[in-house]
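The next block holds one structure in the form of structure tokens; read it before the comments.
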Amino acid sequence: MPPTHLLTQSNKTTGLVLVGLLLIISGFGWQRWRKSSPVLGPTITVERQDLLRTLLATGKLEAINQVEVGTQVSGQLQQITVKLGDYVKQDQLLATLDAVDAKHQVAISRAKLAAAVAEQQQATIQLKLAQQKQQRLKQLVHRQASEPQKLDEANAELARQQAECGRAAAQTKQQRLELQQRQHQLTQMQVTAPCAGQVVSIPVKVGQTVVSSQAASTLLILADLHRMKVRTLVSEADIIHLSPGLAAEFTLLGDSQRCFSGTILSIECLPESTNEGIFYPVIFEVDNPDGLLRPAMTAQVMITLERLDKVLTIPYSALDYKDHDNSYYVQTLVNGKPQARKVTLGARNNFVVQVVDGVSAGDQLLLRELPKHAH
């Protein structure tokens with residue numbers, strides 16, 4: 001009878017051999033099963049959705065009605081009665097200039113007018129005297145009681161006095177107009193709002209001297225911000241696809257969730273040249289009821305070139321290969337197996353393309369590559 005320890009060692013060896021054979025057989029079977037069941041990759045379902053063909057651009061917000069409020073007179077700025085952001089009404093007082101010199105000019109003009117009126121009155125009296133003298137001498141000459149030469153002298157004096165009277169009247173009129181001008185300049189020392197709006201800029205300070213002939217005479221800038229204008233530049237390659245009436249919308253840099261909508265009003269004919277190429281200004285307007293929009297803000301503009309509702313769409317990664325007639329094929333899953341199918345494409349944007357014919361809603365399509373989020 002063999003020893004017990006020898007039997008035990010033999011049984012262990014036999015067990016290890018059997019386990020090894022089982023592992024080899026199972027591995028070979030798994031490899032054959034894997035080859036018979038290939039991995040098809042990611043798929044998508046054909047569905048109906050709205051397709052938008054859009055054009056993206058960047059624009060700037062501008063006030064539709066913006067007025068630079070200035071003065072036609074020179075003087076030292078004495079007071080500004082409004083501050084930035086205030087809403088003002090038409091004819092509301094905005095600022096005042098030092099009116100001391102203007103009042104002096106009005107007083108001087110009044111004095112000149114009074115002197116001119118007195119001079120005109122004196123000329124009128126002299127004219128009446130010349131007329132009376134001319135009439136007496138005419139009667140005397142007619143009676144041959146005076147020499148004709150004296151009548152000639154009287155006629156000349158009468159003509160001179162008539163001219164002097166006309167000059168005095170013209171001088172009076174001139175001084176009256178000058179007084180009106182000085183009075184008007186005095187009223188302009190008080191600057192009022194030419195229209196209703198919001199104060200968006202005050203480029204001067206109290207105490208500053210403004211000169212009417214210089215740009216510094218602009219005291220304030222008013223703007224009506226209830227409705228804003230968007231001015232965006234579109235490249236020459238894309239401008240041919242635009243026309244007035246197309247829908248346009250934009251978002252702000254600080255709030256990409258809120259969208260402001262409008263329609264294109266005009267496309268300017270003259271382009272603007274930049275380092276990046278030739279661009280044409282496109283204008284559209286939007287309402288600004290809550291005052292969120294401000295001049296010079298950047299607008300992320302999206303212009304809708306075409307809109308199709310509830311059409312069949314697929315991503316570009318579902319297109320398999322292109323045929324010689326410029327049509328495409330896709331790989332559809334039929335009973336779990338891929339099958340090539342020819343499709344007719346329609347409108348497209350940067351993300352999806354419309355399928356006019358070849359597949360139906362609910363069909364499963366293979367993608368050429370894994371989406372980025374799947375990696």
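In order along segment 278-284, the Karplus-derived 3J(HN,Hα) couplings, from 6.51 cos²θ - 1.76 cosθ + 1.60 at θ = phi - 60°, round to 9, 10, 10, x, 10, 10, 8 Hz, and Gly and Pro are given as x.
Residue pairs exceeding 21 angstrom between C-alpha atoms, taken from Lys60/Lys83; Lys322/Lys342; Lys83/Lys205; Lys128/Lys150: Lys60/Lys83. Over segment 54-112, what relative contact order in percent results from Cα pairs under 8 Å that are six or more residues apart? Computed over segment 54-112, the figure is 30 percent. Calculated from the structure at hand, P(r) over Cα pairs in 20 Å bins from 0, in percent is found among (i) 24, 47, 23, 6, 0; (ii) 16, 24, 19, 17, 12, 7, 3, 2, 1, 0; (iii) 23, 43, 25, 8, 0 as (ii). Applied to segment 332-346, the Karplus parametrisation 6.51 cos²θ - 1.76 cosθ + 1.60 on θ = phi - 60° returns per-residue 3J(HN,Hα) values of 9, 9, 10, 6, x, 10, x, 9, 5, 9, 7, 10, 9, 9, x Hz, with x for Gly and Pro. Once the Cα atoms are used to define both axes, helix 148-187 deviates from the longest principal axis of the chain by about 30 degrees. For the chain, the dipole from Cβ point charges (+1 on Lys and Arg, -1 on Asp and Glu) about the Cα centre works out to 420 debye, to the nearest 20. Taking the helices alone, the chain has a mean residue ellipticity at 222 nm of -11500 deg cm²/dmol, built from -39,500 (n - 2.57) per DSSP H run of at least 4 residues and averaged over all its residues. Amide hydrogen proximity for Cys195: with H placed 1.01 Å from N in the peptide plane, the residues at 5 or more positions away or on another chain lying under 5 Å are Asp91.
The distance linking segment 146-222 with segment 301-375 is 79 Å (Cα centroid to Cα centroid, whole angstrom).
For Thr313, the amide hydrogen comes within under 5 Å of the amide hydrogens of Glu47, Gln49, Val355, counting only partners 5 or more places away or on other chains and with H modelled in the peptide plane.
Cα axis of helix 4-36 to longest principal axis of the chain: angle in degrees, 0 to 90, nearest 10? Taking Cα atoms only, the helix is inclined about 50 degrees. Of the residues Ser327, Val282, Ser266, the one whose Cα sits farthest towards the positive end of the charge dipole of segment 247-367 is Ser327 (charges of +1 on Lys and Arg Cβ, -1 on Asp and Glu Cβ, taken about the Cα centre). Our summary gives segment 98-226 a relative contact order of 30 percent, counting only alpha carbon pairs under 8 angstrom and 6 or more residues apart. Each residue of segment 293-303 is assigned a 3J(HN,Hα), and the resulting list reads 7, 10, x, 6, 5, 8, 10, 8, 8, 10, 9 Hz, derived from the Karplus form 6.51 cos²θ - 1.76 cosθ + 1.60 (θ = phi - 60°), x at Gly and Pro. Solvent exposure of the chain, expressed per residue, is 64 Å² of accessible area, with all protein chains present and a 1.4 angstrom probe.
In the elastic network of the chain, a GNM with C-alpha springs shorter than 10 Å, the most mobile of Leu97, Leu186, Leu158 is Leu158. The angle separating the long axis of helix 100-142 from the principal Cα axis of greatest extent in the chain is about 40 degrees.
Normalised by the number of residues in the chain, the mean separation of alpha-carbon contacts (under 8 Å, six or more apart) gives a relative contact order of 26 percent.
The values are calculated or read from the model by the stated rules, or taken from the named source; none is laboratory data. This structure is a prediction, so every number in the text was calculated from the model and none was measured. With ideal geometry, Cβ positions are generated from the backbone for all residues, glycine too; neighbour counts draw on all protein chains shown. Remember, those area values only see protein heavy atoms, side chains included, never the ligands or the DNA or RNA. Shrake-Rupley method; radii C 1.70, N 1.55, O 1.52, S 1.80 Å.
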